[in-house]
Amino acid sequence: MHDTAPPPTAELMATPLVWAAADGRIAGANPAFCRWLGVSVRRLLAQPLASLESQGDDLAERLAQGWDGADAVRLPRLALALPGDRSRFAEGWLTALDAGGWLLEAHPVDEFAAPDPAQVLPGAFSAALKGLAHELRNPLAGLKGAAQLLARRAGNRDAAEGELIELIGAEIERLNTLLEQLLSPAPQRPHAPLNIHAALERVLRLAENEAGWTLQLQRDYDPSIPEFAGDADRLTQALLNLVRNAIQAGATRIVLRTRVEHGVRTSEHASPLALRLEVADDGRGVPEDLAEHLFLPLVSGRAEGTGLGLALAQQVAREHRGTLSFRSRPGHTVFTLLLPLPVAGEEKEATDA
């Protein structure tokens with residue numbers, strides 16, 4: 001736990017912080033919190049901290065329960081505002097102070113977090129997915145046979161043609177693997193060291209072949225990103241789904257951007273180091289009526305869409321202890337994948353293991 005006072009550097013911190021006394025009334029806030037909420041610290045003082053919660057009652061319930069020994073409690077998609085003001089959204093982290101007060105960190109978000117399909121998917125939908133997987137197996141088997149026939153006919157006549165046929169075969173095999181996982185879920189494969197930019201280059205190659213030269217694909221990579229343990233095939237599939245969604249939304253320009261971030265909270269845990277991977281496009285954007293349900297299976301904005309791509313991408317993020325979110329308006333949509341990266345000590349432990 002912390003002392004009664006806020007962190008000594010609170011005034012200088014860029015993270016919005018507000019703290020309350022033992023009676024739950026606000027005792028102070030740093031300038032970052034006041035700027036973010038659009039109020040003066042004078043308006044906040046002596047207000048009940050719970051009264052800032054403009055939607056829901058997660059914060060109020062947590063304050064009423066008191067401290068239960070947890071180091072910090074996560075309050076996802078927390079809406080804060082003074083009465084009558086516009087709500088601001090944040091990932092909240094509530095920590096108990098030694099004297100019985102509270103410290104609330106607000107990490108502002110304008111992105112929709114992905115709900116966990118495992119918690120909201122009815123049994124009937126799960127059965128429907130398995131039925132769909134069964135239906136797809138026969139056409140895939142036909143495609144695999146055709147690709148093998150093409151490979152025999154092509155021989156060594158055209159290296160470029162042979163490379164494309166090999167790519168078709170590899171993609172068919174990957175789809176077959178995905179179907180097998182739908183039909184008979186197996187334990188996750190052990191993660192192995194991977195280079196995220198190698199996976200992105202494969203995604204770009206596949207996207208170029210699908211969309212042709214009408215699509216502008218741009219790289220904005222951070223070369224300092226280290227290798228980390230993961231499933232390269234699963235990540236490739238997830239990222240390809242995001243790129244395909246952008247293409248299907250009419251994008252003419254897609255940017256794949258990677259950055260290293262410090263002190264990021266991914267999933268339920270704090271990560272000293274994290275990969276922020278963005279897929280940004282200039283397409284039509286996400287329809288408002290789909291925004292809250294976009295990551296659920298069978299939800300699609302296209303009549304011919306299956307609604308499986310984003311659900312799979314969210315599952316892959318969870319498998320890597322990460323998160324998937326998005327922000328969207330017409331002409332600018334960004335899907336953000338946050339994955340924890342190993343720090344130096346963890347890398348050595350993984351190597352020794």
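The values are calculated or read from the model by the stated rules, or taken from the named source; none is laboratory data. Nothing here was measured: the structure is a model prediction, and the numbers come from that model. Note that each Cβ is placed from the backbone with ideal geometry, even for glycine, and that neighbours are counted across all protein chains shown. Only protein heavy atoms, including side chains, enter the accessible area calculation; ligands, DNA and RNA are left aside. Shrake-Rupley method; radii C 1.70, N 1.55, O 1.52, S 1.80 Å.
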Hey, could you check segment 30-47 for residues that are more than 17 Å from Phe89 (Cα to Cα) and buried (at least 17 other Cβ atoms within 10 Å of the Cβ) and say which is nearest to the chain's Cα centre (by Cα)? Asn30
How about segment 248-260: which of its residues are at pLDDT 90 or above, open to solvent by 30 Å² or more (accessible area, probe 1.4 Å) and farther than 22 Å from Val109 by Cβ? Thr252, Arg253
Can you name every residue in segment 223-250 that is in contact with a helix residue (DSSP H, G or I) (Cβ under 9 Å, 6 or more places away or on another chain), in a loop (DSSP other than H, G, I, E, B) and not β-branched (Val, Ile, Thr)? Pro223, Pro226, Glu227, Asp231
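Is there a residue being outside any helix (DSSP H, G or I) and either aliphatic (A, V, I, L, M) or at pLDDT 90 or above (or both) anywhere in segment 202-215? Reasoning before the result, please.
Step one: filter segment 202-215 for residues outside any helix (DSSP H, G or I), giving 215.
Okay, now just the ones that are also either aliphatic (A, V, I, L, M) or at pLDDT 90 or above (or both), so 215.
Checked segment 202-215: at least one residue is outside any helix (DSSP H, G or I) and either aliphatic (A, V, I, L, M) or at pLDDT 90 or above (or both).
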I'd like to know if segment 140-149 contains one or more residues that are at pLDDT below 70, surrounded by 12 or more Cβ atoms within 10 Å (Cβ to Cβ), part of a helix (DSSP H, G or I) and of a type in the set (A, V, I, L, M). no
Out of Gly263, Gly230, sole residue that is in contact with a Leu (Cβ under 9 Å, 6 or more places away or on another chain), small (Gly, Ala, Ser) and at pLDDT 90 or above: Gly230
Just to be sure, is Leu121 surrounded by 15 or more Cβ atoms within 10 Å (Cβ to Cβ), modelled with pLDDT under 55 and of a type outside the set (D, E, K, R)? yes
What are the residues in segment 91-106 that are closer than 21 Å to Arg35 by Cβ and at pLDDT below 85, if any? Glu91
